[in-house]
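Asks: If you scroll down you'll find the structure; I have some questions about it.
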């Protein structure tokens, strides 16, 4: 395995992640797999973030059709015990045991620290996994077998998260927290999750990457593109440029809200550098500054595809 060293100072673990007892760093590492890139480069990119001190790693079977889990398994070798590794149960209606076995095989690990039901964003899906003998009970069996230690859900619907909090069996919750999210996530779910000790954050690039670039979703590397005029067919024309935000203001907004962990994609070295610099320069934003960031986000999100993590806005 190629090892990439870094001179960045490590981020110190600061507080427990949900109800797990694991002391997590403020930033965590989300999906870093891209089948268009050499495998060793993906592994080295993930290891670069681990070497910088980040200690929470999130993956899932449907991230690049299992490739992400393979990358994670290779990158954590030799440092596994210092990390909290999360994978997902993607098929919410299928048996859990074979899904857990498949993930562990791709990871090459005897266990994860947590398995989380992925994108539980309809109440009927939550009701299915929460029912007697459903997914949560099946994950409890996986815990007893030693295949994982904790269970939870990731969701893009505040009503599902409300039901999970009232149920009380989830050790951690993963949900969007950023400058363009349904206010219920931050005003209701986040403080209640913190009080219940079952908290987490999913933010794979700020608001699916839409705020930082001219993109409609994931798998678009953070990059600077020429602004102004471009040549097309021998004639000059004005390039259509959509509003953007900076990585620092997006991350500072999220860190001001103070989730247990902010999970970022960090799929490229320049994305890592931008996130690390922003984290080192962080100071909590004032109420007025938070309001201004939300205004900028509302403008920057326009014209970049559906806002699927905000059900109230989608359904309105």
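Asks: Out of the residues in region 51-67 that are on the phi < 0 side of the Ramachandran plot and out of contact with any strand residue (DSSP E or B) (no Cβ under 7 Å at 6 or more places or on another chain), state the one that is surrounded by the fewest Cβ atoms within 10 Å (Cβ to Cβ).
Replies: 62
Asks: Continuing with the same structure: Which of the residues that make up region 132-147 are farther than 15 Å from residue 94 by Cα and not in a helix (DSSP H, G or I)?
Replies: Passing the criteria: 145, 146, 147.
Asks: I need the full set of residues from region 111-131 which are crowded, with 19+ Cβ neighbours inside 10 Å, touching a helix residue (DSSP H, G or I) at 6+ places or on another chain (Cβ under 8 Å) and either at positive phi or in a loop (DSSP other than H, G, I, E, B) (or both), in order please.
Replies: Matches in region 111-131: 112, 120, 121.
Asks: Oh, and also: Among the candidates 19, 15, single out the residue that is farther than 25 Å from residue 119 by Cβ and in contact (Cβ under 8 Å) with a residue 24 or more places away in the chain. Walk me through how you get there before you give the answer.
Replies: Details: 19 fails: farther than 25 Å from residue 119 by Cβ.
Answer to the check: 15.
Asks: In addition: Look through 28, 18 and report the one residue that is within 18 Å of residue 173 (Cα to Cα) and modelled with pLDDT under 90. Quick ask: steps written out before the conclusion?
Replies: Numbers: 28 fails: modelled with pLDDT under 90.
Answer to the selection: 18.
Asks: To continue, here is another question. Starting from region 302-313, keep only residues that are under 10 Å from residue 176 (Cβ atoms), then list their pairs with residues that are surrounded by 19 or more Cβ atoms within 10 Å (Cβ to Cβ) and modelled with pLDDT of 80 or more whose Cβ atoms are within a distance under 6 Å, requiring at least 6 positions of separation or different chains.
Replies: Partner pairs satisfying both residue conditions: 309/156; 309/176; 310/182.
Asks: What helices (runs of 4 or more DSSP H) lie completely within region 235-316 and have 1 or more residues being more than 20 Å from residue 155 (Cα to Cα), modelled with pLDDT of 90 or more and more than 21 Å from the chain's Cα centre (by Cα)? Working first, answer last.
Replies: On the way: elements: 247-257, 269-280, 287-300, 311-315.
In region 235-316, the matching helices (runs of 4 or more DSSP H) lie at 287-300.
Asks: State yes or no: is residue 45 out of contact with any strand residue (DSSP E or B) (no Cβ under 6 Å at 6 or more places or on another chain), buried (at least 17 other Cβ atoms within 10 Å of the Cβ) and over 15 Å from residue 149 (Cβ atoms)? Quick ask: steps written out before the conclusion?
Replies: Numbers: out of contact with any strand residue (DSSP E or B) (no Cβ under 6 Å at 6 or more places or on another chain): yes; buried (at least 17 other Cβ atoms within 10 Å of the Cβ): yes; over 15 Å from residue 149 (Cβ atoms): yes.
Answer is yes for this residue.
Asks: Going residue by residue through region 284-291, is there one that turns out to be touching a strand residue (DSSP E or B) at 6+ places or on another chain (Cβ under 8 Å) and surrounded by 17 or more Cβ atoms within 10 Å (Cβ to Cβ)?
Replies: So the first thing to find is which residues in region 284-291 are touching a strand residue (DSSP E or B) at 6+ places or on another chain (Cβ under 8 Å), and the list is none.
Scanning region 284-291 turns up no residue that is touching a strand residue (DSSP E or B) at 6+ places or on another chain (Cβ under 8 Å) and surrounded by 17 or more Cβ atoms within 10 Å (Cβ to Cβ).
Asks: Kindly establish whether residue 79 is surrounded by 18 or more Cβ atoms within 10 Å (Cβ to Cβ), more than 17 Å from residue 267 (Cβ to Cβ) and modelled with pLDDT of 95 or more. Spell out the reasoning first.
Replies: Numbers: surrounded by 18 or more Cβ atoms within 10 Å (Cβ to Cβ): no; more than 17 Å from residue 267 (Cβ to Cβ): yes; modelled with pLDDT of 95 or more: yes.
So residue 79 fails the test.
Asks: Being surrounded by 19 or more Cβ atoms within 10 Å (Cβ to Cβ), within 29 Å of residue 98 (Cβ to Cβ), touching a residue at least 12 places away in the same chain (Cβ under 8 Å) and out of contact with any helix residue (DSSP H, G or I) (no Cβ under 7 Å at 6 or more places or on another chain) is the requirement here; does residue 70 meet it?
Replies: Working: surrounded by 19 or more Cβ atoms within 10 Å (Cβ to Cβ): yes; within 29 Å of residue 98 (Cβ to Cβ): yes; touching a residue at least 12 places away in the same chain (Cβ under 8 Å): yes; out of contact with any helix residue (DSSP H, G or I) (no Cβ under 7 Å at 6 or more places or on another chain): no.
No; evaluated as a whole, the condition is false for this residue.
Asks: Restricting the first residue to region 95-110 and requiring it to be touching a residue at least 40 places away in the same chain (Cβ under 8 Å) and at negative phi, which pairs with a second residue that is in a loop (DSSP other than H, G, I, E, B) and surrounded by fewer than 19 Cβ atoms within 10 Å (Cβ to Cβ) meet a Cβ separation below 6 Å and a spacing of at least six or different chains?
Replies: 106/66
Asks: Would you confirm whether any residue within region 203-213 is in a helix (DSSP H, G or I), at pLDDT 90 or above and buried (at least 20 other Cβ atoms within 10 Å of the Cβ)? Spell out how you get there, then give the answer.
Replies: Here is the first cut: in region 203-213, the ones in a helix (DSSP H, G or I) are 206-209.
Now narrow it down to the ones that are at pLDDT 90 or above: none.
There is no residue in region 203-213 that is in a helix (DSSP H, G or I), at pLDDT 90 or above and buried (at least 20 other Cβ atoms within 10 Å of the Cβ).
Asks: Among what's in region 187-202 and is under 17 Å from residue 59 (Cα atoms) and part of a loop (DSSP other than H, G, I, E, B), pick the residue that is modelled with the highest pLDDT.
Replies: Filtering region 187-202 for residues under 17 Å from residue 59 (Cα atoms) gives 200-202.
Okay, now just the ones that are also part of a loop (DSSP other than H, G, I, E, B), so 200-201.
Numbers: 200: 55, 201: 51.
Of everything passing the filter in region 187-202, 200 is modelled with the highest pLDDT.
The values are calculated or read from the model by the stated rules, or taken from the named source; none is laboratory data. Just so we're clear, the structure is a prediction, and the values are computed from it rather than from any experiment. Cβ coordinates were reconstructed from backbone atoms using ideal geometry, including for glycine residues, and neighbour counts include every protein chain displayed.
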